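Written below as structure tokens is the structure these notes are about.
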Amino acid sequence: MQYGTNLNPLVEEDIPRTFPHLNDLFEEIQALSSSLREIMQAYQNLRPDIGYIQGMSYVAGMLLLHCGPPEECFKVFCNVLNYEVVTAFYTFNLKEINKTYKIFWKLMRDYLPSFHKLLRDDNVSCNTFLFEWVLTLFTSSFDIEACTYLLDHIFFYGETFILKAAIAICTIIYQKSLLAIEKGEIDGLKLIKEARPLITKDSLQNILYSKT
């Protein structure tokens, strides 16, 4: 990987907090954090029109944990960021971002009408959760095993799986909080923000491959 421009200082700030629960690993095996830095700088040089956007490090860090040498991770990283929906979020293309939001709300209304009503009644904006989910491909919001499972499916099925995953996550949240939701005793955004312990590989698999 070739380097040219100076590394965005935000990268240095983001590396230690990319995976807080793995900070000891990143410090102990310095090659891992060094590789993350290299990937971020290489992408900044490749796409100066995008540069470094906070959130990228989560995706690259996850790839480094699972995809082998930095050179291979970089190729995968570039391919993923070339997904049209992902590129729209990294370039802050509001027209395309809002299109994604509209599709998400339609899917919510069709498949989870009660949860959809709760979120809409609470004036919850997609900017408060879906933006981060897409930008980081879920890697900043959920545990590594669940994120690995989701990334495997995104790589296999392509970018159309991103919203399917988002609906699956919302389905899990809804099912786990059904009673409180029906009684109107819960804040919809709080449910989403505190969902990390609920979103596991097993819970995702049960929803995505349910026959009902």
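At a glance:
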read-out: Check on Asp121, among the acidic types (Asp, Glu), more than 23 Å from Gln44 (Cβ to Cβ) and either at pLDDT 95 or above or under 14 Å from the mean Cα position of the chain (by Cα) (or both); value: no
read-out: Ile199 vs. criteria in contact (Cβ under 8 Å) with a residue 60 or more places away in the chain and either assigned by TED's automatic domain parsing to the domain that holds Val134 or within 21 Å of Met62 (Cβ to Cβ) (or both); value: no
read-out: From the options Lys117, Lys106, Lys102, residue that is under 26 Å from Thr171 (Cα atoms), surrounded by 14 or more Cβ atoms within 10 Å (Cβ to Cβ) and among the basic types (Lys, Arg); value: Lys117
read-out: Test: Glu194 is at pLDDT below 95, acidic (Asp, Glu), out of contact with any Cys (no Cβ under 6 Å at 6 or more places or on another chain) and not assigned by TED's automatic domain parsing to the domain that holds Gly55; value: yes
read-out: Checking Asp202 against (1) surrounded by fewer than 17 Cβ atoms within 10 Å (Cβ to Cβ); (2) modelled with pLDDT under 95, the condition it does not meet; value: (2)
read-out: Index of the failed condition, Gly158 passing every other in (1) crowded, with 16+ Cβ neighbours inside 10 Å; (2) on the phi > 0 side of the Ramachandran plot; value: (1)
read-out: Filtered residue count, the stretch 103-125, keeping only those that are of a type in the set (A, V, I, L, M, F, W, C) and either over 19 Å from Glu182 (Cβ atoms) or not in a helix (DSSP H, G or I) (or both); value: 6
read-out: Matching residues, the stretch 80-103, being free of Cβ contacts under 8 Å to residues at least 60 places away in the same chain, farther than 19 Å from Pro48 by Cβ and not basic (Lys, Arg); value: Leu94, Glu96, Ile97, Asn98, Tyr101
read-out: Any hit, the stretch 177-192, residues being in contact (Cβ under 8 Å) with a residue 24 or more places away in the chain, surrounded by 14 or more Cβ atoms within 10 Å (Cβ to Cβ) and among the polar types (S, T, N, Q); value: no
read-out: Test result for Glu182, among the acidic types (Asp, Glu) and within 28 Å of Asn123 (Cα to Cα); value: yes
read-out: Any hit, the stretch 62-72, residues being assigned to a helix (DSSP H, G or I), at pLDDT below 95, surrounded by 13 or more Cβ atoms within 10 Å (Cβ to Cβ) and under 14 Å from the mean Cα position of the chain (by Cα); value: yes
read-out: Test result for Phe92, surrounded by fewer than 20 Cβ atoms within 10 Å (Cβ to Cβ), in a loop (DSSP other than H, G, I, E, B) and either within 18 Å of the chain's Cα centre (by Cα) or at pLDDT 95 or above (or both); value: yes
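The values are calculated or read from the model by the stated rules, or taken from the named source; none is laboratory data. Since this is a predicted model, take the numbers as computed values, not measurements. Here the Cβ is made from the backbone with ideal geometry for all residues, glycine too, and neighbour counts use every protein chain on show.
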